[in-house]
Amino acid sequence: MVTIKDIAKRTNVSASTVSRVLNYDETLSASPETKQKIFNIAKELNYRTVKSRRLQTQTQSTEIAKRENTKIGMVLLQSKEEEASDPYWLSIREGIEKECTAQGISSLKLIRLQHMVKAREELSELDGLLIVGRIDYPILQSIREYNRNIILINQDANEEEYDSIIFDYEKAASLAMDHLLARGYKRIGYIGGTERISVEEAQSLKKIYTPDARKTIYESKMKQHGADEPTLLFVKEYSIQSGYDLMKEAMAQGNLPEAFFIASDSMAIGALRALHEANIQVPDDVAIVSFNDIEMAKFTSPPLTTVKIPTEEMGRLGVRMMIDRLDGREMPIKIMVPTTLTIRESCGTSRQ
């Protein structure tokens, strides 16, 4: 922290003079040039007086106190089993929980969508809802009848009605595929899951399958390079077990690809296990690029090259957007978070 002594040393005047100038002591007989110099150095060093620091602390404490009575609902579209099998969703949830704590919000109600269908009246008792995952538009509209303060996380939306936090799936998937292609891999396989969306039907919920941008980009890139082979596509549920099973299936098929784009780190972890059991070396025999960059990705053997999705920050941003809305903002906002490629040993060097 910058002190008055630091400023005094830079300006070649006494600490008491610096203190009196910064506190606007009108009885001080110092030249305008000296005063201006002190103010300039203080600004350069980002110095704040004790009074201003105390005022900022008091303001922050007041804001946190205001949040103690705020009631937020966190609507999860995933079942407990789905959340446990895919750390992607758990990371978003943790971001929400951490930011609520940091903002002084003590009332965070966890709601599983499948349990909410018959109890929507309870939503009106909450100040706002953070909805995590993809949900059918008619369900959104029906929820909005009970609570209009809604933030969508991981789903694009009608920009005239809803706040949303998303990332560009196509751009993110292209980072993975372009990395593999730039390193000379031509025969590339795909291991992925099924993208699902919650829809309502006769007072109950079900999930339907929708096109997955990761699979779509994979197919597009392979066609562009004249190397598309439908037999190299392996799709099941998003889980570690599915990654293991699908890699086993790829090996049993014979003529294993040179590399794989695996659509989630969880599936990649399962696939690595299957390859290890077969004594197939990564990346010497098969290179892997995956998706999400969960915490475990840097601890696998070898560590995973993967597209980083800032999931925890998406959760944190959701809470901040909600606070902003509760403070009076009415205009809907869409935030698109950036994605980056984290290069590690599973695919990190050029082919020779």
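The values are calculated or read from the model by the stated rules, or taken from the named source; none is laboratory data. What you are looking at is a predicted structure, and each value in this text was computed from that prediction instead of being measured. Here Cβ is always computed from backbone atoms with ideal geometry, including for glycine, and neighbour counts include all displayed protein chains. To get the accessible areas, we keep the full protein, side chains included, count just its heavy atoms, and leave off ligands, DNA and RNA. Shrake-Rupley method; radii C 1.70, N 1.55, O 1.52, S 1.80 Å.
Here Ala271 meets the list (1) at pLDDT below 95; (2) hydrophobic (A, V, I, L, M, F, W, C); (3) crowded, with 24+ Cβ neighbours inside 10 Å almost entirely, failing just condition (1).
For (1) loosely packed, with under 12 Cβ neighbours inside 10 Å; (2) under 18 Å from Leu130 (Cβ atoms); (3) modelled with pLDDT of 80 or more, each residue gets a yes or a no:
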| position | (1), (2), (3) |
| --- | --- |
| Ser29 | yes, no, no |
| Val75 | no, yes, yes |
| Glu83 | no, yes, no |
| Leu90 | no, yes, yes |
| Ile111 | no, yes, yes |
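Within the range 220-253, the residues that satisfy the criterion of being open to solvent by 30 Å² or more (accessible area, probe 1.4 Å) and not in a helix (DSSP H, G or I) are His225, Gly226, Asp228, Glu229, Leu233, Val235, Lys236, Glu237, Tyr238.
The sole residue among Leu181, Leu129 that is open to solvent by less than 20 Å² (accessible area, probe 1.4 Å), outside any loop (DSSP other than H, G, I, E, B) and at pLDDT 90 or above is Leu129.
Under the condition of being of a type in the set (S, T, N, Q) and within 24 Å of Pro87 (Cβ to Cβ), which residue from the range 250-275 is nearest to the chain's Cα centre (by Cα)? Applying the filter and picking the extreme gives Ser264.
Which count do you get for residues in the range 276-299 that are surrounded by fewer than 22 Cβ atoms within 10 Å (Cβ to Cβ) and under 21 Å from Asp245 (Cα atoms)? Residues flagged as surrounded by fewer than 22 Cβ atoms within 10 Å (Cβ to Cβ) and under 21 Å from Asp245 (Cα atoms) within the range 276-299 amount to 9. Filtering Asp285, Asp324, Asp293 for residues that are of a type in the set (D, E, K, R) and within 30 Å of Glu161 (Cα to Cα) leaves a single hit, Asp324. For Ser290, are the conditions met, namely being in a strand (DSSP E or B), under 19 Å from Lys308 (Cα atoms) and in contact (Cβ under 8 Å) with a residue 40 or more places away in the chain? Yes. Annotation note: Cβ proximity below 9 Å between a residue of the range 21-49 that is over 14 Å from Val2 (Cβ atoms) and a residue that is open to solvent by 40 Å² or more (accessible area, probe 1.4 Å) and modelled with pLDDT under 80 (sequence gap 6+ or interchain) occurs for Asn23/Lys51.
The set of residues in the range 158-174 that are under 17 Å from the mean Cα position of the chain (by Cα) and farther than 15 Å from Leu317 by Cβ comprises Asp168, Tyr169, Glu170, Lys171, Ala172, Ala173.
Against the numbered list (1) touching a residue at least 24 places away in the same chain (Cβ under 8 Å); (2) open to solvent by 40 Å² or more (accessible area, probe 1.4 Å); (3) of a type in the set (S, T, N, Q), Ser264 comes up short only at (2). Inclusion of Thr70 among residues that are at pLDDT 85 or above, touching a helix residue (DSSP H, G or I) at 6+ places or on another chain (Cβ under 9 Å) and β-branched (Val, Ile, Thr) is warranted.
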